[in-house]
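Down below is the structure, laid out as structure tokens.
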Amino acid sequence: ADAALVEAFEATIAADERIEPRDWMPDDYRATLVRQIAQHAHSEIIGMQPEGNWITRAPSLRRKAILMAKVQDEAGHGAYLYSAAETLGVSRDELTEQLLTGRQKYSSIFNYPTLTWADMGAIGWLVDGAAIVNQVPITRCSYGPYARAMVRICKEESFHQRQGFEILHALARGTEAQRAMAQDAVDRWWWPSLMMFGPPDDESPHSAQSMAWGIKRFSNDELRQRFVDMAVPQAESLTLTLPDAELRWNEQRGHYDFGPIDWDEFWTVVKGNGPCNRQRMEHRRAAHADGAWVREAAAAYAAKQDARRVA
Ligand code: FAQ
């Protein structure tokens, strides 16, 4: 590329200013953003399934209305993120194709089953909680459209997290059976939530370059630690326990120490062999096929409008 263009790009990054769609950018920078934003968008869309599973069985009309709104927000986040990716020159059709053929990933967390109503609480509290810790720094990402999309998404995620916390709060103060259900959900979602932050820093191939480009602002391990430090006092106020015997405050570090993460489990899930990977993909493919008539009708309508304009 033209030396002046490279220099302008590097100066923008060094000054901590934003790269915009019209600006020249290195191919690898563009490819990294497409990869991360697409994975993020796909996660929102696939992430509708675990909670969608409980909409018809929510324990009250009020809980049902809240859960429907949350799942609908996730569709909105997906649409927002696909639009951000499109500013990089890929179409939404292409991205959908990459998801459906398994060439692009989505977050490992959505390959776990939602066995009880308390899972809606644990997902809101822990999964949305982890998502916020990961996403707040992305509001300062060097790529403008991604950073701006994150501002609204983070506001909605904070509401999602509180609604999850409130579900667990109610269950933890309910009957013995409800309390046990809340504890069981936390036991099952804790470790997979820690895995959401990605592999340890020394096994994260993309981190160094993404941090140099200002796409990532903190490393996977830094954000994971921040999440643990936040979750421990919240678990105490819920009067629930986190399933880790090694969890304790480390005065010297000023952080909570925690036990080892099962990275074999993480990679098994990432490679497609988690408890629900097949089910999630089958469901998404079927939903896409079922929606073909809507896309055809929309395209026919648009063509008719165009023809009318020409005439
Ligand atoms: N799952 O070198 P790194 C939500 C892959 S929140 C699956 O560290 P990077 C809200 C990674 O892609 C969830 N794969 O990679 C919601 C790479 O593979 P590749 C979505 C993972 O990109 C809540 C390889 O491992 N949030 O949806 C995972 O620098 C409730 C090496 O890893 C985002 O996507 C994983 N957990 O860092 C919705 C946030 N971790 O591509 C519904 C934006 C890593 O070379 C209900 N993304 N991999 O084949 C990011 O911040 C980053 O992409 C990381 C990974 C931190 C996830």
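The values are calculated or read from the model by the stated rules, or taken from the named source; none is laboratory data. Quantities reported herein were computed from a predicted structural model and do not represent experimental measurements. Note that each Cβ is placed from the backbone with ideal geometry, even for glycine, and that neighbours are counted across all protein chains shown. Ligands, DNA and RNA are excluded from the accessible area calculation, which covers all protein heavy atoms including side chains. Shrake-Rupley method; radii C 1.70, N 1.55, O 1.52, S 1.80 Å.
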Legend entry - Residues of the chain: accessible area per residue with a 1.4 Å probe, Å²: 50 Å²
Legend entry - Using distinct alpha-carbon pairs, which all enter the 1/r mean, Kirkwood radius of the chain in Å: 21.0 Å
Inset, instruction - Under 14 Å from the Cβ of A245, count the other residues' Cβ atoms, weight Lys and Arg +1, Asp and Glu -1, and hand me the total. - result: -3
Legend entry - Compactness relative to 2.2 N^0.38 Å, alpha carbon Rg of region 224-311: 2.07
Inset, instruction - May I ask you to evaluate 6.51 cos²θ - 1.76 cosθ + 1.60, the Karplus curve with θ = phi - 60°, for each residue of region 189-194 and list the ³J(HN,Hα) values in order in whole Hz, giving x for glycine and proline? - result: 9, 4, 5, x, 5, 5
Legend entry - Net charge contributed by nearby residues that have their C-beta within less than 11 Å of P113 (K/R +1, D/E -1): +1
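DSSP loop trypsin sites (Lys or Arg not before Pro) in region 228-311 with at most 13 other Cβ atoms within 10 Å of their Cβ, which ones?
Listed in order of number, the matching sites are R253.
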Legend entry - Gaussian network model of the chain, springs between alpha carbon atoms under 10 Å - residue of R62, R224, R188 with greatest fluctuation: R62
Legend entry - Interchain or long-range residues, amide H under 5 Å from H255's placed H: N250
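Set the Förster distance to 35 Å, then compute FRET efficiency between L5 and R92 from the Cβ-Cβ distance, nearest 0.05.
Working: r = 28 Å, r/R0 = 0.80.
The calculated FRET efficiency here is 0.80.
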Inset, instruction - State the percentage of accessible surface on the chain attributable to carbon and sulfur atoms; use a 1.4 Å probe and exclude ligands, DNA and RNA. - result: 55 percent
Inset, instruction - For each pair in K155/K271; K216/K271; K155/K216; K70/K304, compute the distance between the two Cα atoms and list the pairs where it is over 25 Å. - result: K155/K271; K70/K304
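Quick one: what do you get for region 12-134 if you divide its Cα Rg by 2.2 N^0.38 Å?
That works out to 1.23 for region 12-134.
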Legend entry - Label-point separation, R173 to W249 (7 Å along Cα→Cβ), nm: 2.5 nm
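Let me know the volume per residue of the alpha-carbon convex hull for region 50-192, in Å³.
114 Å³
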Inset, instruction - Please find, in a Gaussian network model of the chain (springs between Cα atoms separated by less than 10 Å), the residue of A185, A287, A85 whose mean-square fluctuation is greatest. - result: A287
Inset, instruction - Would you calculate, for the chain, the mean residue ellipticity at 222 nm contributed by helices, counting each DSSP H stretch of 4 or more residues as -39,500 (n - 2.57) and dividing by all residues, to the nearest 500? - result: -20500 deg cm²/dmol
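Give, as a single signed number, the net charge of other residues whose beta carbon lies under 15 Å from the beta carbon of G47, with Lys and Arg counted +1 and Asp and Glu -1. Please list the in-between numbers first.
On the way: positive: K70, K105, R280, R284; negative: E44, E51, D73, E74, D119, D128, E156, E157.
Net local charge, G47 excluded: -4.
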